[in-house]
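Since the structure comes first, as structure tokens, the remarks are kept for the end.
The values are calculated or read from the model by the stated rules, or taken from the named source; none is laboratory data. It should be emphasised that the depicted structure is a prediction, and the values quoted were computed from it without experimental measurement. Neighbour counts run over all protein chains shown; Cβ positions are idealised from the backbone, glycine included. Remember, those area values only see protein heavy atoms, side chains included, never the ligands or the DNA or RNA. Shrake-Rupley method; radii C 1.70, N 1.55, O 1.52, S 1.80 Å.
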Amino acid sequence: MEKKTINILEKKKVIKEQLENSGWEELLYPFIDSIGFEHILTKLLDEVNNNRRFTPGILDWFKPFIECKKEDLKVIMINQGPSPQIGEADGLAFSSGKTRVPDYILNYILDYQEDNNIIERRITDLTVWANQGVLLLNSTITTEINRVGSHYMIWHSFITYLLYELNKDECNYYVVMFGKKTFEWEVYLSNHTSIKLKHPSSALYKNKKWDGENVFNKINLHLKNQGKSLIKW
């Protein structure tokens with residue numbers, strides 16, 4: 001099989017154009033222009049040339065930042081990684097915007113909210129959360145099909161850079177970490193309010209309801225105390 005090549009400068013251009021007017025340019029452009037991001041693109045190209053398909057596609061990699069403008073940022077939710085199923089991941093953590101069918105993880109989250117009477121509709125596309133200031137971040141932006149977390153180290157440098165820079169912000173964000181694999185990021189967000197939760201998938205394996213520790217109400221209480229608009233979950 002003939003090896004594929006990519007135009008790194010062209011890929012960077014496409015991503016930067018997506019981020020125009022998002023407010024994230026000052027923070028993200030330096031990394032996108034760095035050797036570190038070139039290494040990420042090169043590693044992903046190696047995946048392709050070794051016949052290892054991954055998801056989501058490049059146009060969805062930076063969707064969390066496109067849909068959640070920097071000036072609107074109030075909450076950071078960190079999931080372990082995107083769905084490894086073909087055609088499901090849309091770039092936003094837990095979201096199923098492409099299929100319009102909530103996967104089992106999102107179902108657990110929505111069921112939990114319904115128990116607390118703070119959800120008004122059954123949703124699959126979490127763009128509605130992102131547009132209200134929730135950064136729905138996967139700690140590995142891509143993953144090989146049917147291999148959860150397989151690109152963790154590929155994206156580690158980017159996530160480290162991102163959270164380190166966000167920790168400099170004077171705004172006190174509410175940070176939610178879902179699952180043990182995300183807890184390591186707490187040290188990079190020490191200047192913000194954070195909560196560590198069991199991943200909803202653990203409830204599935206144990207055939208129990210997910211214990212979200214009243215997190216959605218806690219977020220809105222935090223925002224209320226700051227005089228900010230509440231999230232309509």
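Within segment 26-41, residues that are closer than 15 Å to GLU10 by Cα and open to solvent by less than 50 Å² (accessible area, probe 1.4 Å) sit with their Cβ atoms under 6 Å from residues that are part of a helix (DSSP H, G or I) and among the aromatic types (Phe, Trp, Tyr), at 6+ positions apart or across chains, in these pairs: PHE37/PHE31.
For the condition within 19 Å of TYR164 (Cβ to Cβ) and in contact with a Gly (Cβ under 9 Å, 6 or more places away or on another chain), what is the one hit in LEU73, LEU28? Even if it seems obvious, please write down each step before you answer.
Details: LEU28 fails: in contact with a Gly (Cβ under 9 Å, 6 or more places away or on another chain).
Matching residue, one of LEU73, LEU28: LEU73.
One residue alone among LEU162, LEU221, LEU204 is assigned to a helix (DSSP H, G or I), within 13 Å of ILE76 (Cβ to Cβ) and not charged (D, E, K, R), and that residue is LEU162.
Scan ASN21, ASN49 and give me the residue that is of a type in the set (S, T, N, Q) and at pLDDT below 95.
Working: ASN21 fails: at pLDDT below 95.
Checking each option against the conditions leaves just ASN49.
Note on segment 1-40: residues that are within 28 Å of GLU71 (Cα to Cα) and in a loop (DSSP other than H, G, I, E, B) amount to 8.
(1) out of contact with any Ser or Thr (no Cβ under 6 Å at 6 or more places or on another chain); (2) within 24 Å of ASN217 (Cβ to Cβ); (3) at pLDDT 90 or above: which one isn't true of GLU114, the others all being true? Among (1) out of contact with any Ser or Thr (no Cβ under 6 Å at 6 or more places or on another chain); (2) within 24 Å of ASN217 (Cβ to Cβ); (3) at pLDDT 90 or above, the lone unmet condition for GLU114 is (3).
Can you report the number of residues in segment 96-116 which are open to solvent by 10 Å² or more (accessible area, probe 1.4 Å), in contact with a helix residue (DSSP H, G or I) (Cβ under 7 Å, 6 or more places away or on another chain) and under 21 Å from ASN146 (Cβ atoms)? Step through it out loud before you land on a result.
Here is the first cut: in segment 96-116, the residues open to solvent by 10 Å² or more (accessible area, probe 1.4 Å) are 97-105, 107-108, 111-112, 114-116.
Pick out the ones that are also in contact with a helix residue (DSSP H, G or I) (Cβ under 7 Å, 6 or more places away or on another chain) and you get 97, 102, 104-105, 108, 116.
If we keep only those that are under 21 Å from ASN146 (Cβ atoms) too, we end up with 97, 102, 104-105, 108.
Matching residues across segment 96-116 total 5.
Cβ-Cβ contacts under 6 Å between residues 6 or more apart (or on different chains), taken from a first residue in segment 200-219 that is open to solvent by 80 Å² or more (accessible area, probe 1.4 Å) to a second residue that is of a type outside the set (Gly, Ala, Ser) and in a helix (DSSP H, G or I), are absent. Exactly one residue out of GLY97, GLY87 is in a loop (DSSP other than H, G, I, E, B), small (Gly, Ala, Ser) and over 14 Å from the mean Cα position of the chain (by Cα), and it is GLY87. Between LYS74, LYS70, LYS63, the distinction of being under 20 Å from ALA89 (Cβ atoms) and either modelled with pLDDT of 95 or more or open to solvent by less than 50 Å² (accessible area, probe 1.4 Å) (or both) belongs to LYS63 only.
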